[in-house]
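The values are calculated or read from the model by the stated rules, or taken from the named source; none is laboratory data. Since this is a predicted model, take the numbers as computed values, not measurements. Here the Cβ positions follow ideal geometry from the backbone for every residue, glycine too, while neighbour counts run over all protein chains shown. Heads up: the accessible areas ignore ligands, DNA and RNA and are worked out on the full protein's heavy atoms, side chains in. Shrake-Rupley method; radii C 1.70, N 1.55, O 1.52, S 1.80 Å.
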Number of protein chains: 2
Amino acid sequence: MKSLGLTLAAALFATTAFGEPTATGDLGLVIERAKGSVLLVDQSERAALARIEGLGDLSHASLVYSPDERFAYVFGRDGGLTKVDIVTREIANRVVQAGNAIGGAISDDGTLVAVSNYEPGGVRIFDADTLEMVADIPTDSKTIGLVDAPGRRFVFTMWDTGETWIADLSSGDLDITKISDMGDRPYDALITANGRTYITGLFGEDGLTALDLWDENPQPIRVLPNYGRGQKEMPVYKMPHLEGWAHTGNEFVLPAVGHHEVLWINSDTLEESGRTQTYGQPVFAMARPDGRHVWVNFAHPLNDTIQVIDTVSKKIIHEFKPGPAVLHMEFTPRGNEVWISVRDAGKVMIYDTHSFEKLREIDADSPSGIFFTARAHRTGL
Amino acid sequence: MKSLGLTLAAALFATTAFGEPTATGDLGLVIERAKGSVLLVDQSERAALARIEGLGDLSHASLVYSPDERFAYVFGRDGGLTKVDIVTREIANRVVQAGNAIGGAISDDGTLVAVSNYEPGGVRIFDADTLEMVADIPTDSKTIGLVDAPGRRFVFTMWDTGETWIADLSSGDLDITKISDMGDRPYDALITANGRTYITGLFGEDGLTALDLWDENPQPIRVLPNYGRGQKEMPVYKMPHLEGWAHTGNEFVLPAVGHHEVLWINSDTLEESGRTQTYGQPVFAMARPDGRHVWVNFAHPLNDTIQVIDTVSKKIIHEFKPGPAVLHMEFTPRGNEVWISVRDAGKVMIYDTHSFEKLREIDADSPSGIFFTARAHRTGL
């Protein structure tokens, strides 16, 4: 490159010729929420490779990867489902499947992509190859907490009715199991990495509700029914992301709702095993892949800061301010580095997770979610 | 393809033109132990794509992947370290670094490849890019149980002296910590998926020895000191592979030495939590990625059979005979399928792990180890 005056687009173009042999194991996509684009990044090079545009409203977006780590399925707020080819760096297909969507999942065999909708409610399931709809599951409710589970299953929950449904497509046909009494207005959910435990957070009452999916007949299990969720009503958009829960050794770590603290839960007994006071209301509490540290970011207006907690002592061992509006963190698969979206700085920042040294900054337009391709190999991500 | 008379090589050649964009997330290599070759396979297509030859003596071989899932580093019995490019499908580099080697590892940042040697003993560390040696660590012992640990570290153990060494390269320099008294003739070792616990199997005495690598000053912890290893002396080549240990929920499952059973160990207390009687002497006991089932194969002459154990009931729920000389099993990363090497049938067989139905057979020449690229993202694999 001859000049610092080159635009980002030109710099990106110069990086790699399309169609060259491409290994995809260390790539990733960053959501650029304002532009409706995604930025293709390379973990090993610590660099942006390309920008792919035209994905619609990404103001609340997430994505999943195909098993070969070639295609990303991006779920946009506007109900758009966009299939991005990260090898050719272009949109392979796009459908607008609903009026307002809230995330999706991909089946363990990689053949089915499911999307969870607010408007209309319900879940729609698409052929991962063609994006043709193969199942439409109306629920008469806003549908949240959609995850994939082993055995070609999807699990999701109704905001309005407090039911969780398990959609089993292992036979080829759609078989639905409904579990009622999950609690008052479940607003988000997660599945543990082994696909066994599904946990919903509740907006309308204290505590959470778990299901043991290994049970022949799963029943709601109350978790921390009196932990003391903030008493004043809060809008849903300030609730912490449950996808960001950490599972470290035999404990879960989760952001407390309405408090400046994270909660520790014994994963065998589902009882509280500790609390750690934090700088602000936590949004994501994410375990480094080895489980030794948990990194926490915070809600506005304290969202310029990250704290790192040691999981043995449960104490904060490091605190720093990457910049304004830290929205998301993603660890490299083996945990040696972490990439952090700092929206209002227009940067993705890369840190060494052992020395806490900053290694690189990458320009990005209002970056939010960061998704590395290794997620293809994980359940529930 | 016009004729069934096409050779495998021609059929392979016809599959895909080299240099096309290639996503590598669902690929893998199968060791062909007699020919000194590896077979490139595609999980999604359930097919062989290419054979890469010239890797020397692979009669006892293993490999690790680069973080981008492009390069495999193959450790041969003859001391050969071969770097295979699975995108261009050719050998990128090869060095014969010792007289007799016994496995290797790659650092968490993907920059260093370490090899464990019998002749001469010790460990040698190579630049992953160039294969130039960057560190030579003589140990005056056959060296076994080499694994990578988080923070640019390698851990390995001395057969002759019963020491475990931790080589820390995080500063750029080589810093070695030595732990003595691991036991009499450690013959293999593993590290847990989170990189915290290192466990050696002992040939010269009953039981095993663990280290907590999160400890500032790790000390040997005796595990099952009286579990009753077979009393008659056995050659090392019949000892079970510790790499095949399963970690499921809060238990480890390991093949008992000299008995027809697997042992269950509580991963918190490191005390025995059960035994399951099996068809033969187990060689590999491998957990399906969700931890619900453990698949077990057996030593000669009972090596035509596989048993599947449910980890909740600890009972055998399925048994079948894939064919003569079942040497290795590898699960797809999300656990929906398993690939099995049946050496004397000259086949890799693919099964659905939920229905146990056979899905496909692939021809392979004396197949042994199967290694999918998703290992790139795991510690200790």
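Quick one: putting +1 on the C-beta of Lys and Arg, -1 on the C-beta of Asp and Glu, what dipole do you get for the protein assembly as shown around its Cα centre, in Debye to the nearest 20?
360
Quick one: label points 7 angstrom along Cα→Cβ at residue A:46, distances to the other copies in nm, smallest first?
Listed shortest first, these distances are 4.4 nm.
Quick one: dipole size for chain A, taken about the Cα centre, charges +1 on Lys/Arg Cβ and -1 on Asp/Glu Cβ, in debye to the nearest 20.
1100
On a C-alpha basis, how far is the centre of segment B:31-60 from the centre of segment A:263-285 in Å? Whole number, if you could?
About 47 Å separates the Cα centre of segment B:31-60 from the one of segment A:263-285.
Could you tell me, in Å, what Rg and Dmax come out for the Cα atoms of segment B:41-125?
Values for segment B:41-125 (Cα only, Rg and Dmax): 13.1, 42 Å.
Can you check what the net charge comes to around residue B:121, using other residues whose Cβ is under 12 Å from the Cβ of residue B:121 (Lys, Arg +1; Asp, Glu -1)?
For residues surrounding residue B:121, the net value is -3.
Which of the residues in segment B:196-220 lose at least 50 Å² of accessible area when you go from the chain alone to all protein chains together (probe 1.4 Å)?
Buried by the other chains: B:214.
To one decimal place, what Kirkwood hydrodynamic radius in Å is obtained for the protein assembly as shown from all pairs of distinct Cα atoms?
Result for the protein assembly as shown stands at 26.7 Å.
List the accessible area buried at the contact between B and A, summed over both sides and calculated with a 1.4 Å probe, in Å² to the nearest 100.
Summing both chains' loss of accessible area gives about 3300 Å².
Measure off, as a whole percent, the carbon and sulfur share of the 1.4 Å-probe accessible area of segment B:27-141, all protein chains present.
With neighbouring chains kept in place, the figure for segment B:27-141 is 41 percent.
When ligands, DNA and RNA are left out and all protein chains stay put, how many square angstrom of accessible area per residue does the protein assembly as shown have with a 1.4 Å probe?
Each residue of the protein assembly as shown exposes 37 Å² on average to a 1.4 Å probe.
In whole percent, how big is the carbon plus sulfur part of the accessible area of segment B:166-216, probe 1.4 Å, protein atoms only?
Details: 720 of 2010 Å².
Carbon and sulfur atoms account for 36 percent of the accessible area of segment B:166-216.
For residue A:22, what residues show an amide H to amide H distance below 5 Å, using hydrogens built from the backbone and excluding near sequence neighbours?
Under 5 Å from the amide H of residue A:22 lie the amide H atoms of B:22, each far enough along the sequence or on another chain.
State the Cα centre-to-centre distance between segment B:296-353 and segment A:176-221 in whole Å.
First find each Cα centre; the distance between them is then 33 Å.
For chain A, what class follows from the C-alpha gyration tensor (a ≥ b ≥ c being the square roots of its eigenvalues): rounded when a/c is under 1.5, otherwise prolate if a/b is larger than b/c, else oblate?
Numbers: a/c = 1.74, a/b = 1.15, b/c = 1.51.
Since a/c reaches 1.5 but b/c is at least a/b, the shape of chain A is classed as oblate.
How well do other chains shield peptide A:330-336, expressed as the mean number of their Cβ atoms within 10 Å of each residue Cβ?
Averaged over the peptide's residues, the number is 6.
Do the sum for the protein assembly as shown: with -39,500 (n - 2.57) for every DSSP H run of n ≥ 4, divided by all residues, what is the mean residue ellipticity at 222 nm, to the nearest 500 deg cm²/dmol?
-500 deg cm²/dmol
Where the label is 7 Å out from Cα toward Cβ, how close does residue B:318 come to the same position in every other copy, in nm, shortest first?
Label-point distances to the other copies, shortest first: 4.3 nm.
To the nearest 20 debye, what charge dipole does segment B:99-236 have about its Cα centre, counting +1 at the Cβ of each Lys and Arg and -1 at the Cβ of each Asp and Glu? Display every interim value, and only then the final one.
Values: 10 positive and 23 negative charges, 102 e Å.
It comes to approximately 480 debye.
Could you give log10 I(q)/I(0) at q = 0.17 Å⁻¹ for segment B:99-236, computed by the Debye formula over C-alpha point scatterers of equal weight, without solvent?
After summing over all Cα pairs, the log10 values are -0.87.
Relative contact order, percent, of chain A when contacts are C-alpha pairs under 8 Å separated by at least 6 residues?
That works out to 11 percent.
Just want the answer: with Cβ charges of +1 for Lys and Arg and -1 for Asp and Glu, which residue in B:164, B:312, B:48 is farthest toward the dipole's positive end in chain B?
Toward the positive end, the furthest listed residue is B:48.
Which order do the peptides B:91-100, B:286-295 take when ranked by the mean count of other beta-carbon atoms within 10 Å per residue, highest first?
Top to bottom by mean Cβ count within 10 Å: B:286-295, B:91-100.
Using the C-alpha atoms of segment A:56-180, what convex hull volume per residue, in cubic angstrom, is computed?
Residue-normalised Cα hull volume stands at 88 Å³.
In nm, what does the list of distances from residue B:168 to its counterparts in the other copies look like, shortest first, when each label sits 7 Å along Cα to Cβ?
5.0
Can you run phi through the Karplus equation (6.51, -1.76, 1.60; θ = phi - 60°) for segment A:320-329 and list ³J(HN,Hα) in whole Hz, with x for Gly and Pro?
So the Karplus estimates, Gly and Pro as x, are 7, 10, x, x, x, 6, 6, 9, 7, 9 Hz.
So how much slack lies between residue A:193 and residue A:215, counting 0.36 nm per residue of separation and subtracting their Cα-Cα distance, in nm?
Stretched out fully, the residue A:193 to residue A:215 stretch lengthens by 6.2 nm.
Averaged over its residues, how many other protein chain Cβ atoms are within 10 Å of peptide B:368-377's Cβ atoms?
4
I need the phi-derived Karplus couplings for segment B:63-72: 6.51 cos²θ - 1.76 cosθ + 1.60, θ = phi - 60°, integer Hz, Gly and Pro marked x.
So the Karplus estimates, Gly and Pro as x, are 7, 10, 10, 5, x, 7, 6, 9, 10, 10 Hz.
Using a 1.4 angstrom probe with every protein chain in place, what is the largest-first accessible-area order of A:185, B:89?
Ranked from most to least accessible, the order is A:185, B:89.
Mind checking the full-extension length gain between residue B:320 and residue B:171? Use 0.36 nm per residue of separation minus the Cα-Cα distance, one decimal, nm.
Details: separation 149, 0.36 × 149 = 53.64 nm, distance 5.04 nm.
Length difference between fully extended and current span is 48.6 nm.
How high is the FRET efficiency between residue A:352 and residue A:135 when r is their beta carbon distance and R₀ equals 56 Å, given to the nearest 0.05?
0.80
Any idea of residue A:214's accessible area? Nearest 10 Å², probe 1.4 Å.
Around 40 Å² of this residue is reachable by solvent.
Please work out whether segment B:21-64 counts as rounded, prolate or oblate from its C-alpha gyration tensor, where a ≥ b ≥ c are the square roots of the eigenvalues and a/c under 1.5 means rounded, while otherwise a/b larger than b/c means prolate and anything else oblate?
Numbers: a/c = 2.32, a/b = 2.11, b/c = 1.10.
It comes out prolate by the Cα gyration axes.
Would you mind counting up the charge near residue B:176? Only other residues with Cβ under 12 Å from its Cβ, with Lys and Arg at +1 and Asp and Glu at -1. Each step should come with its number before you reach the end.
Working: positive: B:153, B:178; negative: B:163, B:168, B:173, B:175.
Counting the neighbours of residue B:176, the net charge comes to -2.
Any chance you could look up the accessible area of residue B:356 with a 1.4 Å probe, heavy atoms only, rounded to 10 Å²?
Around 40 Å² of this residue is reachable by solvent.
Whose amide H sits under 5 Å from the amide H of residue B:267, counting only residues 5 or more places off or on another chain, with H placed in the peptide plane?
Residues meeting the criterion, in which the H sits 1.01 Å from N, are B:251, B:252.
Pop out the ³J(HN,Hα) list for segment B:288-298 in order, Karplus 6.51 cos²θ - 1.76 cosθ + 1.60 with θ = phi - 60°, rounded to Hz; leave Gly and Pro as x.
4, x, 7, x, 7, 10, 10, 9, 10, 10, 10
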